[in-house]
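All remarks here apply to the structure that follows.
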Amino acid sequence: MHTFEIVLAGEICWRLSPTTAVSSPIPAVGGWSIASPLAIDRDGPLALRHLMSFADGTVLFTTTRLVFVADDDAQNLVQDDGKFPRTLPQYLNALRVVSGQPGLPRSITALTGIVKTNQLKPPTEIPPANTKGFVRRYIADSALTLDHLDDASDAVINDVVPVHGELINDAAESIIRSNFRSAIIFSAAAVEACAGNVLDREYDRLVGQLLPSTDHRRITIQVNQQESVDKDPIYLALRNGTGDGGSRFLTLLHESPLYLLRRSLKVDEPETYRQAHSLYRTRNSLAHTGTTDAEKSGLLDVNYKGAIMALTTANSILNWFGEKGTCVPNDDMVEVDAYLNT
């Protein structure tokens, strides 16, 4: 067995069971596997930090390193020029999106060479402590599991890491860093990217199907003597125009989905739609002037409360479109059964 260790530019938070497998295959990264941190000697360089345990038997902890393992016939994880394969940073980015862990590091600060070793061993039971503690709920909810490792690999292989997934996590990370202006801007951008992606994907499906939908207006346009294209000019006019309130942003939430999907956020969730309008107006004010006009009503405050509202609104809209949001880094806490001061 060979191992290869990378040092990340920050901490990864994990939530694993002591009975978990010693490693998980990662086809997206050259067929290597990632070792469970619980299978590594905790007195070594991968020492676990901030160890806590829950009533369900899982343990929460952080590490700053990932250990890849492989058999002798696996392809080299490092290219001849000393660089990582392109899929590795893509994989770290996908891990951040599928887990909803906003602060998950995506850059590498150091690495060790490939060495032959037998250091992995079945995880041992974590001894309990005689005290209790609390951890923020969003940290516990977004901690990495083995399922996340598999889902991220699939996302890279199938090229399905959505831009709005990156943006919504950028918004959450901005809140953690108290950069509330950026959190509001990223939240609005995530909504636009998600709505546009879902609507355009459905449009491509409708114009590409064999029989036209009776609910839409697909026509064939002759480009030249050899080429023709199928289009729905009604949807394209809605997609590229302004609707309720003179805004392309709001058209993505009302007119366009009402025509294409037969449903509208304004109709289904009027309060979320109203909050989206506030998010849109606040984003525009910040983008154009760097601040908000105190005399204008209906704008979000550029502070922790306003940024949380922006992210919560964006999450609700992504969920309405059937897409995954991210954890909201608020002050909710979860009690842990044991806290080990490591």
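The values are calculated or read from the model by the stated rules, or taken from the named source; none is laboratory data. It should be emphasised that the depicted structure is a prediction, and the values quoted were computed from it without experimental measurement. Because the Cβ atoms are built from the backbone with ideal geometry, glycine has one as well, and the counts that use them run over all protein chains shown.
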Could you list, in sequence order, all residues of the range 264-295 that are modelled with pLDDT under 90, assigned to a loop (DSSP other than H, G, I, E, B) and not β-branched (Val, Ile, Thr)? 290, 293, 294, 295
Can you tell me how many residues in the range 152-198 are among the hydrophobic types (A, V, I, L, M, F, W, C) and without any contact (Cβ under 8 Å) to a residue 12 or more places away in the chain? 1
Run residue 150 past the list (1) outside the structural domain of residue 14 (by TED's automatic domain parsing); (2) out of contact with any Leu (no Cβ under 9 Å at 6 or more places or on another chain) and report the number of the one that doesn't hold. (1)
Collect the residues in the range 133-182 that are among the hydrophobic types (A, V, I, L, M, F, W, C), over 19 Å from residue 33 (Cβ atoms) and surrounded by fewer than 19 Cβ atoms within 10 Å (Cβ to Cβ), keeping them in residue-number order. 134, 135, 160, 161, 163, 176
Criterion (at pLDDT 80 or above, in a loop (DSSP other than H, G, I, E, B), surrounded by 13 or more Cβ atoms within 10 Å (Cβ to Cβ) and in contact with a Lys or Arg (Cβ under 6 Å, 6 or more places away or on another chain)) met by exactly one of 104, 60: 104
